1. Once fully extended, how much extra length lies between residue B:146 and residue B:159, figured as 0.36 nm per residue of separation less the alpha-carbon to alpha-carbon distance?
2. Between residue A:186 and residue A:134, how high is the FRET efficiency from 1/(1 + (r/R0)^6) when r is the Cβ-Cβ distance and R₀ = 56 Å? Nearest 0.05.
3. Does anyone have the angle between helix A:200-221 and the longest principal axis of chain A? Alpha-carbon axes, 0 to 90°, nearest 10?
4. Report, to the nearest 10°, how far helix B:2-24 tilts away from the longest principal axis of the Cα atoms in chain B, using its own Cα long axis and a range of 0 to 90°.
5. When DSSP beta bridges are limited to those with both residues in the protein assembly as shown, what percentage is antiparallel, rounded to the nearest 5?
6. If R₀ is 35 angstrom, what is the calculated FRET efficiency for the pair residue A:36 and residue A:254, using the beta carbon separation as r and rounding to 0.05?
7. Once you order the gyration tensor axes a ≥ b ≥ c over the Cα atoms, which shape class does the stretch A:1-146 get: rounded for a/c under 1.5, otherwise prolate or oblate by comparing a/b with b/c?
8. Would you mind checking the tilt of helix B:139-161 against the longest principal axis of the Cα atoms of chain B, expressed as 0 to 90 degrees and rounded to 10?
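What follows draws every value from the coordinates through simple rules; no lab data is involved. Just so it is clear, the structure is predicted and the values come from calculations on it, not from any experiment. FYI the Cβ positions are ideal-geometry reconstructions off the backbone, even for glycines, and counts take in every protein chain you see.
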């Protein structure tokens with residue numbers, strides 16, 4: 001009986017300790033931002049691996065999500081004779097929800113897992129300890145540029161996703177299903193609000209960028225320095241990021257649109 | 001060194017593409033290009049019943065949108081709805097005996113305010129009030145009237161048959 005109680009206590013304590021280390025790392029990352037400004041090249045390299053290399057998967061997914069939205073939206077809207085509002089449906093669902101959320105999920109799978117594996121291997125091969133031996137803070141030198149790169153790249157990728165998705169919906173709706181081209185754009189412009197919809201979508205993707213990169217870096221930095229530990233940490237990155245994104249999305253949506 | 005240069009170029013292209021996408025969303029998808037830049041003048045009108053008119057609904061004249069509803073309030077002295085609307089600056093020649101009516105776009109569509117110009121030579125100024133208004137059509141009231149007239153018709157017919 002006491003053993004089981006102790007086991008439960010150990011699990012809770014370990015979780016709390018992990019949360020504490022994660023927040024200490026976040027403090028270190030935020031403090032390291034100041035030292036990043038004199039050396040922007042570090043950031044450029046990370047923007048390349050986190051942002052540029054993710055463009056392909058983001059744009060292709062955005063195009064197909066937009067096209068599917070066009071098809072499915074047309075099916076439902078045609079039952080009410082409201083196919084002119086297809087543009088509103090496609091743009092609203094992309095800009096408000098699918099853009100930020102799907103981009104964040106893809107980002108966690110494409111860039112987050114790579115970040116974790118990279119940093120985990122650096123730890124396993126004792127490169128991080130090597131840096132520390134040379135009196136270089138690995139959080140400032142290795143982790144902070146990656147963190148800022150993820151934070152910057154996410155909203156840009158989400159905007160690309162939404163923009164390409166709207167064009168994909170246009171191809172299917174106007175090109176394939178015969179919705180009027182003028183109605184597609186004018187209804188969209190009349191009903192999508194810059195502040196209400198577009199800005200809130202950007203805010204969402206900023207939050208997701210922060211959280212996803214933070215989780216990926218923490219899992220890499222905190223992993224067991226073995227090959228098994230790295231593989232576990234990579235899995236945890238994807239799982240935790242997905243859960244955090246979907247949970248936060250509900251909270252943000254309730255705060256932004258719940259009135 | 002060449003490799004570094006290509007990476008820099010690609011990162012630059014990435015940033016440009018992202019910002020371009022954001023501009024596309026702002027200009028082509030949202031209403032930034034269709035909303036006026038906030039310049040205009042405010043006129044008000046009092047209605048007995050505004051139906052489901054909402055703030056930001058269109059104000060149109062001959063079917064052309066010339067402004068938007070900026071505020072809706074309730075006057076608890078006269079029990080009337082007070083609708084304030086912002087008219088674009090360039091439409092400055094609205095006669096002061098203009099007639100305001102609440103229309104519905106389509107059978108179940110959004111409600112908007114239609115203005116019909118009067119014949120006066122003096123024009124509405126900032127803060128002016130429209131004197132003549134007609135309330136929104138409320139579907140239930142129309143149905144009630146039709147039912148009532150049908151019922152009284154039926155009663156009359158029954159009396160005639162006696």
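1. Going from the current span to full extension adds 2.7 nm.
2. Working: r = 62 Å, r/R0 = 1.10.
Working from the Cβ atoms, E equals 0.35.
3. 30
4. 10
5. On the way: 27 of 35 bridges.
Taking every DSSP beta bridge within the protein assembly as shown, about 75 percent pair in antiparallel fashion.
6. Calculated value: 0.55.
7. Working: a/c = 3.16, a/b = 1.62, b/c = 1.95.
Oblate is the answer for the stretch A:1-146, as a/c is 1.5 or above yet b/c matches or exceeds a/b.
8. Relative to chain B, helix B:139-161 is tipped by roughly 20 degrees.
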